[in-house]
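See structure below.
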């Protein structure tokens, strides 16, 4: 009987040991007894701190993305392209109010006006290339160096420009035009009949102009001699355009310095007729002019 007690005690100890779950090592060998306490899971407070850290990283990444996107947009706008919306009828029948156009910035090189806000970082033009007679150009109004204007380049440095009895003279020679027919244009005075003509500049550049007939203030002008580094601009809607035929002191454009050129108008991307509004979604569709989409400008 004395030998049975130790055997029973050993059996009980073995049963208790076997009841304890084995702990396996990382190498998959035999189980060993757990010698260190299991690390408790992180508290809720720790989880919140981790989330806050992750949220901060996400915010930084969003800011970086926005900054990079703005830098890319700035580079594109300064060096490559710039969009403009046509605000008036001065370039009809080639550009209508509500046309959304793209201007290439590299066409004439770069000046301080190529940069938003026209900061005075430098004077003159870098990589300058002069416009061709007949180009549709966007420029800063010389009177304030802020307002964007769009007109056609008619006179180059050294040219003499004059209007006589509603006809354009360039260097003493009348610029030929051919009547296309009659049309009707609506302006501030309501619908009016207009004559459409094709005008041909020296060098063969052709484009269509509007003429409301004789008797308008700019049908007869003085002779304008274009000095070096300047250009003479006119609207295609000849009797409804404020341009170089009018002196700046009388509210006109005057001669445009080369530095004020922004770029060459190339294409009409989209077009909405007057009355379209950002705050009226229905007008986004009802005022669309699809026939003018992707029109290449001459």
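List of remarks:
- Ranked packing of 135-143, 281-289, most packed first, by mean Cβ within 10 Å: 135-143, 281-289
- When each of the peptides 103-113, 217-227 is scored by how many other beta carbons lie within 10 Å of its residues on average, the order from highest to lowest is 103-113, 217-227.
- Highest to lowest packing among 263-276, 63-76, scored as the average C-beta count within 10 Å: 263-276, 63-76
FYI, it's all coordinate maths here, none of it is from the lab. These numbers were taken from a predicted model, which means no experiment stands behind them. Neighbour counts are summed over all protein chains in view; Cβ atoms, including those assigned to glycine, are modelled from backbone coordinates with ideal geometry.
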